[in-house]
1. If you check GLU353, GLU315, which single one turns out to be within 14 Å of ligand 1 (Cβ to nearest atom) and within 27 Å of the chain's Cα centre (by Cα)?
2. Looking only at the stretch 385-406, decide whether some residue is more than 13 Å from ligand 1 (Cβ to nearest atom) and assigned to a strand (DSSP E or B).
3. Can you tell me which residue is most open to solvent (accessible area, probe 1.4 Å) among those in the stretch 510-525 that are within 18 Å of SER382 (Cβ to Cβ) and at pLDDT 95 or above?
4. Of everything in the stretch 132-159, what is open to solvent by 20 Å² or more (accessible area, probe 1.4 Å) and in contact with a helix residue (DSSP H, G or I) (Cβ under 6 Å, 6 or more places away or on another chain)? Give them in sequence order.
5. As an exercise: evaluate ASP145 against (1) of a type in the set (D, E, K, R); (2) outside any helix (DSSP H, G or I); (3) in contact with a Leu (Cβ under 9 Å, 6 or more places away or on another chain) and give the number of the one condition it does not meet.
6. Give SER435, SER488, SER483 a once-over and let me know the one that is over 23 Å from ASP319 (Cβ atoms), away from ligand 2 (no atom under 16 Å from the Cβ), of a type in the set (Ser, Thr, Tyr) and not in a strand (DSSP E or B).
7. Can you find a residue that is assigned to a helix (DSSP H, G or I) and over 27 Å from the mean Cα position of the chain (by Cα) anywhere in the stretch 375-383?
8. So, in the stretch 452-474, how many residues would count as being assigned to a loop (DSSP other than H, G, I, E, B) and more than 13 Å from ligand 2 (Cβ to nearest atom)?
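The values are calculated or read from the model by the stated rules, or taken from the named source; none is laboratory data. This structure is a prediction, so every number in the text was calculated from the model and none was measured. Cβ placement follows ideal geometry from the backbone for every residue including glycine, while neighbour counts extend to all protein chains displayed. What goes into the accessible areas is simple: the full protein's heavy atoms, side chains included, and nothing from ligands, DNA or RNA. Shrake-Rupley method; radii C 1.70, N 1.55, O 1.52, S 1.80 Å.
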Amino acid sequence: MDLGDLHLPNASPAPEFVASPAGSPRIGPHVAKAQRDVVALGIAIAAIIMFVGAGGRVLPQIVQSWFGGAQAPDAALANALLLNIALIIFGWRRYRDLTREVGERRRAEQQAFVLALTDPLTGCLNRRSVGPATDELLLTAQSSDRVVAFLLFDLDNFKAINDLNGHVAGDALLNAAALRVRNVLPAGSILARLGGDEFAAVTVFEPGRPEQVDRLADRLLAEVAKPMAHDGLTLETTISIGIASSDKTRAGDGRIDAQALLHNADIAMYHAKNQGRNCHYWFEPEMANELRFRSELETGIRRGLTRGEFVPFYEQQIDLETGELVGFEMLARWQSPALGLVSPDIFIPIAEEIGVIAEMSEQLIAAALRDAATWDPKLTLSVNISAIQLRDPWFAQRILKLLVEANFPASRLEIEITESCLHENIGVVRSLITSLKNQGVAISLDDFGTGYSSLAQLSSLQFDRIKIDRSFVSSINASKDASTIVKSITSLGEGMNLPITAEGIESREVLDELRTMGKFKGQGYLYGRPCDAQTVKTMLAEKGLLGHERTTLLDLKPGAPVDAPKWSGTHG
Ligand code: C2E
Ligand code: CA
Ligand code: CA
């Protein structure tokens, strides 16, 4: 494995990355200082002239008197000569000190100048200086008939790496990524760190030859994706790149400038992130519409949260052996006034990104607990939890608070954690699972088979159940591989004494095939699509499975037993 060395000294900025931006403050001449230099030098020169004048008369007298001449040297002239010598020495020393002082000050100012324009961590240009440097490159490119490509990129999973390995490792990763990019960029290019994990690389290419930039982007992707060693850790990251070119970018007033390039590259980078990351995209005007739609979605989600537009839907969970209904999985839906019924695959990732997932999830779970409290007490409720919620150390407490508020027994609640969450922070997940289990909440591992969890992880986390991902189940009788996978997950579950739920049962054939393999709980479109609370209620009423409504406190006859929430016990 090629492990780049992360212990990098702070590379001092290479001159080509610190193109001196137009209009930026240059190091000023130290006028006052220089005047004092001149005065000191003037005194020394005057003293030398006087020395020559006075010395010309008095020195012969001194020499004659040494060789026994009768005439003694003129005392006043000799004193003047000595004074001259002292002045010359004084003037010269003063001049030398001042020159040194000025040199030091110049160096300090130069350093302050560099610091103001560069990023101290990576030595790249910073957000302030990249604009003027790009504008300068645009001018040079125009005069030589070339095109400027502005590549904006950031590290795909930087926050997680920082959270997991600490800021020192995060800094080392940023430094190493910057160095790798710098090594690949053609001479004369600009590299800037705009803040956090966001960088810009600006380079020139020949008109009509965008493949030159494609090749560069591919190399950047490959270089940064190589594993990096830091302090005994192996860190890995990827980047997503958005590219804007000066021949296709115009600001509002028709000009091309760094600001317009940055704006378009930003939109293209956002597109690259949405397309699965670790890739590059050139800006296209349609992407701006996509971004507008996305920002409307964000606003809609925030508004929908305050207006109660997120509602729980429910999917039946069946005991495949007996065909009996055993519970429901709650699946979120957004009843958007503008878009109609929206799937969680659309709004959950956005809610995660804009930081409202916990609030949304708690609203949904509270509503689901209220609904489920009216069902027969033997029916369980499963809820899905996002990886982001698992990062909250108070998550278990929040769930317990919701249970208490809804007066709902913990033993009827099951929390589904997707397998991919386990890679985030296994320590936190473990303590969270333990505290939830201690309260009687069951935990199942969702989408099993898609996230490469190890056997060791499975046994150390004490799940109550695993759910085989629907991608395997729904193709069980069409694909031999899928069937083999389901079989091996089944025997794994049996070996570890873990009950299994098969998701995505769409047909009778799949159901029959599953039943030959072992004991399962199951769910899928064969039993009906997920439906709203009222539909569930009607269905349960028909089956005689509405239970709890008559035991609300208001309905209780004096002396009737109250169903207290059970805070312990295992899940059935
Ligand atoms: P999931 O947990 O794997 O949920 C099952 C998904 O498969 C649901 O999609 C369900 O409608 C769909 N499904 C069920 N049976 C079948 C079937 O037989 N065939 C096919 N093709 N699909 C079937 P949905 O409701 O769109 O949910 C998608 C995902 O969104 C869920 O996947 C879950 O990961 C996530 N999600 C849903 N609600 C929440 C929530 O409240 N919080 C969080 N964090 N995630 C949620
Ligand atoms: Ca699920
Ligand atoms: Ca699932």
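1. Details: GLU315 fails: within 27 Å of the chain's Cα centre (by Cα).
Going through GLU353, GLU315 in turn, the sole match is GLU353.
2. Scanning the stretch 385-406 turns up no residue that is more than 13 Å from ligand 1 (Cβ to nearest atom) and assigned to a strand (DSSP E or B).
3. TYR525
4. ASP135
5. (3)
6. On the way: SER488 fails: over 23 Å from ASP319 (Cβ atoms); SER483 fails: over 23 Å from ASP319 (Cβ atoms).
From the options SER435, SER488, SER483, the qualifying one is SER435.
7. From the stretch 375-383, those assigned to a helix (DSSP H, G or I) are none; that's our starting set.
No - not one qualifying residue is present in the stretch 375-383.
8. Of the residues in the stretch 452-474, the ones assigned to a loop (DSSP other than H, G, I, E, B) are 452-454, 462-464, 469, 474.
If we keep only those that are more than 13 Å from ligand 2 (Cβ to nearest atom) too, we end up with 452-454, 462-464, 474.
Adding up the residues that qualify gives 7.
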